[in-house]
Amino acid sequence: MLALVFVVAAATAPATPADGAYTYAVSVGGASAGKTTIQLTHTSGGVQLTETASASYNGAEFSGTSTLNLDGSLAPASYTAVYSPPGHTVHTALAFKGNTANETADNGNMAFTLGASTKNFAVLDGTMFAGFFILPAQLRAWNAQSFTAVSPMFGHGGAIALDAALKPDRPKDVPAADVPLSVSDPVEFTLWYDPATLVVDELVVPQQDATYARLRSR
C-alpha cells in the first residue's frame, strides 16, 4: 500500500527540469558580464534551487548567492539571498504564508500581498536567475498566465501577466524546439525554454540589452 501511494504521488508531481547544475553566461551589450550556476535538487518537501553568481561591470566586481525552496506545487516556501556589490554585503529573506510574502533584510522589512487576479507568488530577484529558471515549470504546474512577482533585491512586488501578443525574435543560438515565454510590463523579457524538459536556454531583456545564455555541452 505504501508503495502504491508513493507511485501515485510521484506520478502527480509537477514536471520540472531534472536534478543537476545549470550554468549561464551573462552578457550586457554583447560583452561578457558574468556567470551564474543553479543547482536543482528535489527534496522531500518539493524542490530546492541554490545559486552562485558573479559579475564584472564597468570595472566593478559583484557576487551573489541564493536559496529558493519550493513546495510540492512549486509555490515558493522560502527564499534567502546574499548580495555582495563592491564594498558591502546585503542579506535578505522571504517567508511565504497564504496571500502574504514577508521580507526581512539588512535595510528593513517589507510585506507583499498577492496582486489582483493572481493566485501564486514567484521570486524574480533582480539579477539573480533562479526564479526565472523555474518560472516555466511553475506556470505549467499552476496552469497560470499571471502571478505576483517579488524582487527582494529591489524591495518590489507586483502582478505580472504573460504577453502572448509579443513576438520576440528567436536568438540564433536557441534550439529550434524551444518556445518563448514573454512579459512586456513592467520590464520586457523573454524566456526561451525547452517544452519537453522545461529547461531555460536563454533569457533576453531587450531594455537592458542583457542575456543569460545556458552553457551546453557541444
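None of the figures in this text is laboratory data; all of them are computed from the coordinates on show. The structure presented is a predicted model; accordingly, all values stated were derived computationally and were not measured. When we count neighbours, we look across all protein chains shown, and the Cβ atoms used for this are built from the backbone with ideal geometry, even at glycine.
Contour minus end-to-end for residue 144 and residue 102, with contour as 0.36 nm per residue of separation and end-to-end as the Cα-Cα distance? Please list the in-between numbers first.
Working: separation 42, 0.36 × 42 = 15.12 nm, distance 2.28 nm.
Gain in length upon complete extension: 12.8 nm.
Under 18 Å between alpha carbons, and skipping anything fewer than 8 positions from residue 97 in its own chain: which lysines qualify?
Output for residue 97: 119.
Once you order the gyration tensor axes a ≥ b ≥ c over the Cα atoms, which shape class does the chain get: rounded for a/c under 1.5, otherwise prolate or oblate by comparing a/b with b/c? All intermediate terms of the calculation are to be shown ahead of the outcome.
Numbers: a/c = 1.40, a/b = 1.15, b/c = 1.22.
Because its axes are fairly even, with a/c under 1.5, the chain counts as rounded.
Note the per residue figure in Å³ for the convex hull of the C-alpha positions in the stretch 175-218. Please list the in-between numbers first.
Values: hull volume 3.4 nm³, N = 44.
Given the Cα convex hull of the stretch 175-218, per-residue volume reads 77 Å³.
By the gyration tensor of its Cα atoms, with a ≥ b ≥ c the square roots of the eigenvalues, what is the shape of the stretch 20-114: rounded for a/c under 1.5, prolate for a/b over b/c, or oblate?
oblate
In debye, nearest 20: dipole of the stretch 1-156 around its Cα centre with unit charges on the Cβ of K, R (+) and D, E (-)?
Rounded to the nearest 20 debye, it is 300 debye.
Relative contact order, percent, of the stretch 12-115 when contacts are C-alpha pairs under 8 Å separated by at least 6 residues? Kindly include the intermediate steps, with their values, before the conclusion.
Values: 215 pairs, mean separation 15.3, N = 104.
Answer for the stretch 12-115 is 15 percent.
Please give the calculated 222 nm ellipticity per residue for the chain, where each DSSP H segment of at least 4 residues contributes -39500 (n - 2.57) and the sum is spread over every residue; nearest 500 deg cm²/dmol? Let's see the in-between values first.
Working: 2 runs with 24 residues, N = 218.
That calculation yields -3500 deg cm²/dmol at 222 nm.
Per residue of the stretch 55-62, in order, report the coupling 6.51 cos²θ - 1.76 cosθ + 1.60 (Karplus, θ = phi - 60°) as ³J(HN,Hα) in whole Hz, putting x for Gly and Pro.
For the stretch 55-62, the Karplus curve yields 8, 9, 9, 6, x, 9, 9, 10 Hz.
For the stretch 102-209, state which trypsin sites (Lys or Arg not before Pro) are in a DSSP loop and have at most 10 other beta carbons lying within 10 Å of their beta carbon.
The qualifying sites are 172.
Between the stretch 166-188 and the stretch 28-65, how far is it from one alpha carbon centroid to the other, in angstrom?
Spelled out, the Cα-based centre of one part sits 21 Å from the other.
Take the alpha-carbon centre of the stretch 109-149, take the same for the stretch 72-102, and report the distance between them in whole Å.
First find each Cα centre; the distance between them is then 12 Å.
Mean-square fluctuation check for the chain, GNM, Cα pairs under 10 Å: which of 153, 128, 110 is largest?
Top of the fluctuation ranking is 110.
Quick check on the chain: of the DSSP beta bridges with both residues there, what percent are antiparallel, nearest 5%?
Roughly 95 percent of the DSSP beta bridges within the chain come out antiparallel.
Using Cα-Cα distances under 8 Å and only pairs 6 or more residues apart, what relative contact order does the chain have, in percent?
It rounds to 16 percent for the chain.
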